[in-house]
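The structure under discussion appears below in the form of structure tokens.
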Amino acid sequence: MDRRIGFVSRIKQLFGKVIAVDKVGMESYLFEHSEIDPSIVPSEHLSLLPDPIQFDTFVYVEEEGKEWIAGMGYDPITYRLVYEVWICDGSAIAYELYDE
């Protein structure tokens, strides 16, 4: 399944944005904790996450230029979703820390 569909569904649920899947970019990265900016993932959240952590990043840019990014953090061994961060125009605006 195209994981961008989950992004499209979630951005609508959280922020009321209706967008087409083909307008969403996606990349995946494996990060050590030391590589993660604390303005994106606060240290009190980071300490609860696996090290390293796999982030799928989704990017959507509105016609007016507003940029939306979601980082979905997964345990790299089990691929269980453990964290979600939303960034708008460079600032983190929402977080979700998932329980086991």
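Each reported figure results from applying straightforward, stated rules to the coordinates on display, with no laboratory input. All values reported here derive from a predicted model rather than from experimental measurement. No Cβ is skipped: glycine too gets one built from the backbone with ideal geometry, and neighbour counts run over all protein chains shown.
Structure notes:
- Over all projection directions, the Cα-based convex hull of the chain averages an area of 6.4 nm².
- Charge sum, other residues only, whose C-beta stays under 14 Å from residue 28's C-beta, Lys/Arg counted +1 and Asp/Glu -1: -2
- Extended-chain gain in nm, criterion 0.36 nm per residue less alpha-carbon gap, residue 33 and residue 12: 4.6 nm
- In the stretch 49-97, the chymotrypsin sites (Phe, Trp or Tyr not before Pro) that fall in loop regions by DSSP, at most 13 other Cβ within 10 Å: 79
- Cα-centred dipole magnitude for the chain, charges only on beta-carbon of K, R (+1) and D, E (-1), debye, nearest 20: 420 debye
- Förster radius 22 Å - calculated FRET efficiency between residue 62 and residue 5 (Cβ-Cβ, nearest 0.05): 0.70
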